[in-house]
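Peer 1: Structure provided below as structure tokens; questions to follow.
The values are calculated or read from the model by the stated rules, or taken from the named source; none is laboratory data. Small disclaimer: the values here were computed from a predicted structure and weren't measured. All Cβ positions, even for glycine, are placed from backbone atoms using ideal geometry, and neighbour counts span all protein chains on display.
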Amino acid sequence: MGPLTGNTWCTVKGIGFNERSDKYYIHFLNVDGKKVIDVVAPEVEFVDTSTLRIRTPNFTAHGPKDCVVRIAINDNDYSVTSTNFLYFPNTCAAKSLA
């Protein structure tokens, strides 16, 4: 769970991650009616063969959504398994009453 503005660091657990030969694309997917929203995480860090750290993408243009998170390694298909990530609306201090 994280704010619409993104920049939340998350840990992705798996097996067989390879720092040297693999490029990782972490996709945040949501089906909004007939439109598929697909936003890729802007930053992925290799930690070890079973751990990646990712920074969540900004989702402001799409609003608060429950997304399915999947990994694509190199140019291959999405992973079979997935997890969810919930974007919640956060307020902007410049637009809030105090």
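Peer 1: State all residues of the stretch 62-78 that are more than 16 Å from residue 36 (Cβ to Cβ), touching a strand residue (DSSP E or B) at 6+ places or on another chain (Cβ under 8 Å) and free of Cβ contacts under 8 Å to residues at least 60 places away in the same chain; if no residue qualifies, say none.
Peer 2: Scanning the stretch 62-78 gives 71, 73.
Peer 1: If you don't mind, there's one more thing I want to ask. Name the single residue that is nearest to residue 88 (Cα to Cα) among those in the stretch 45-59 being of a type outside the set (Asp, Glu) and in a strand (DSSP E or B).
Peer 2: 55
Peer 1: For the stretch 31-44, give me each residue that is over 25 Å from residue 19 (Cα atoms), free of Cβ contacts under 8 Å to residues at least 12 places away in the same chain and assigned to a strand (DSSP E or B).
Peer 2: 31, 35, 36, listed by residue number.
Peer 1: Is at least one residue of the stretch 46-54 of a type in the set (Phe, Trp, Tyr), surrounded by 13 or more Cβ atoms within 10 Å (Cβ to Cβ) and within 12 Å of residue 69 (Cβ to Cβ)?
Peer 2: The answer is no, given that none of the residues of the stretch 46-54 is of a type in the set (Phe, Trp, Tyr), surrounded by 13 or more Cβ atoms within 10 Å (Cβ to Cβ) and within 12 Å of residue 69 (Cβ to Cβ).
Peer 1: Given the conditions (1) more than 15 Å from the chain's Cα centre (by Cα); (2) at positive phi; (3) not charged (D, E, K, R), report the number of the one that residue 18 does not fulfil.
Peer 2: Here residue 18 clears every test but (2).
Peer 1: Quick one: residue 86 ticks every box in (1) over 11 Å from the mean Cα position of the chain (by Cα); (2) in a strand (DSSP E or B); (3) not acidic (Asp, Glu) except a single one, so which number is it?
Peer 2: So the condition that residue 86 fails would be (1).
Peer 1: Moving on. Can you tell me how many residues in the stretch 23-37 are under 16 Å from residue 73 (Cα atoms), surrounded by 14 or more Cβ atoms within 10 Å (Cβ to Cβ) and either in contact with a Ser or Thr (Cβ under 7 Å, 6 or more places away or on another chain) or not aliphatic (A, V, I, L, M) (or both)?
Peer 2: Qualifying residue count, the stretch 23-37: 4.
Peer 1: So for the stretch 66-75 (the condition being part of a loop (DSSP other than H, G, I, E, B), over 10 Å from the mean Cα position of the chain (by Cα) and at pLDDT below 90), does at least one residue qualify?
Peer 2: yes
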